[in-house]
Structure formats: structure tokens, C-alpha cells
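As C-alpha cells, the structure follows; a few thoughts come after it.
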Amino acid sequence: MPQLLAITGSPSAHSRTAVVADRVLRRLSHSGFETAHLAVRELPAAELLSARRGEPEISRALAAVAEADGIVIATPVYKASYTGLLKAFLDLLPQDGLGGKTVLPLVTGGSLAHVLTIDYALRPVLAALGARHVTGGRFVLDSSVERGSGPDRLRPEVELDLFQAVDEFADALRAADATALTTTTALTAAP
């Protein structure tokens, strides 16, 4: 089964973006996928900003991206784009750092005025990093993430829409996995 990695680019320890990413990972985990979460804010800041790829935590994070079959990129909108924190991490990836991977972009924000952030800011950089397939992402309004005395949750209608995107992502991953298996079988059977 494909390995999945969620990369969150929020600088906040209590991020709505992380709530959305965690819901996505739970859904994928219940579907049988192996999942992991990389919060870029937990990487050592000086090493991240200095592009010290050899630093152990940065090196492990880059290896996790390389080993993953699918990537969920989740970020809040800051100044009509993804966060600088996420940009600093993506800049550490090699030019083909997402080569052969299926990617699900997720964006959270306070206003529908930022809904095009996925298509005009995030999708181009994912394509430039060689993503094989960038599935239809989702924009989630901050007000759709309910926080309070109980566990954080999404409004039911938003969760249903998000899960539709997650299921499409999972289907794309399964198709890519099946294609890779067929190709490998054909190559090993060739004379």
C-alpha cells in the first residue's frame, strides 16, 4: 500500500490547517494507507532558513518526502499565497522532488477571496517540482473548523466535501500503484 505524507506549513501550534490535515490523514489511514505528518514549523528554523540539508532533522524530513508515494500539502493563506514557512521547505527539495508523486493540495483561509490560492500559487510550484498528478484540492474556510472545549472538528458539510477530495486522491494513488505494479511485472517478465 502506498505511503502518504502530509506536510503542513502553518507556523501556529494550534493551527486550523493541522486540524484539516489530521482529518485527512485519519480518513486515509482508515482506508488502509500508511500515513505520517510533517509539521514544517517543528523543523529547526536556522537550519531550514539556511538550507542545511545535511542537518539530521532536515535530512529526515527530505527523506520522508522522497520515500512517500503521495503527498498532502496543507497551508494557510498568508498574503494571497501559501506560507513562507512552506516555501522555505519546498525550496530544499530537488528540482524533481515530487517526481512521480500524487499530490493533494489543501488551503485554509479566512475569506473566500483566497479560494484561487490553490490554482494560482500552490499548483504551479507543485508542478515545477515534478508532481506526476496534482489532484483537485480544497479550500477550507477557517470558520468551518470548529474549536472549543471538545475535540476540534469540521462542519459536517465541509467534511463531506473534503472527504470527496480525499477519496479522489486515494483513487489516484491506487491507480498509480496498480500501474507501477503492472509495469514492474511486465519488465520482469520480459525476455
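The values are calculated or read from the model by the stated rules, or taken from the named source; none is laboratory data. Because the structure is predicted, anything quoted here is derived from the model rather than measured. Don't worry about glycine lacking a Cβ; one is built from the backbone with ideal geometry, like all the others, and counts go over all protein chains shown. These area figures cover heavy atoms from the full protein model, side chains too; ligands, DNA and RNA do not enter into them. Shrake-Rupley method; radii C 1.70, N 1.55, O 1.52, S 1.80 Å.
What the table shows:
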read-out: Per residue solvent-accessible surface (Å²) - the chain, probe of 1.4 Å; value: 49 Å²
read-out: Hypothetical label at Arg155: residues of the range 12-41 whose amide nitrogen lies under 19 Å (7 Å Cα-Cβ projection); value: 16-21, 23-24
read-out: Size-normalised alpha-carbon gyration radius of the range 57-146, reference 2.2 N^0.38 Å; value: 1.07
read-out: Order by protection proxy (mean Cβ within 10 Å, highest first), peptides 38-47, 64-73; value: 64-73, 38-47
read-out: Given charges at Cβ of Lys, Arg, Asp, Glu: the chain dipole, positive-most of Gly110, Leu126, Ala178; value: Gly110
read-out: Rg/Rh for the range 117-178, where both radii come from Cα atoms and Rh is the Kirkwood radius; value: 1.07
read-out: Separation in nanometres of the label points that stand 7 Å from Cα toward Cβ, at Asp167 and Asp91; value: 4.0 nm
read-out: Global form of the range 1-156, assessed from the alpha-carbon gyration tensor, a/c cut-off 1.5; value: rounded
read-out: For the range 5-57, alpha-carbon Rg relative to the globular expectation (2.2 N^0.38 Å, N residues); value: 1.31
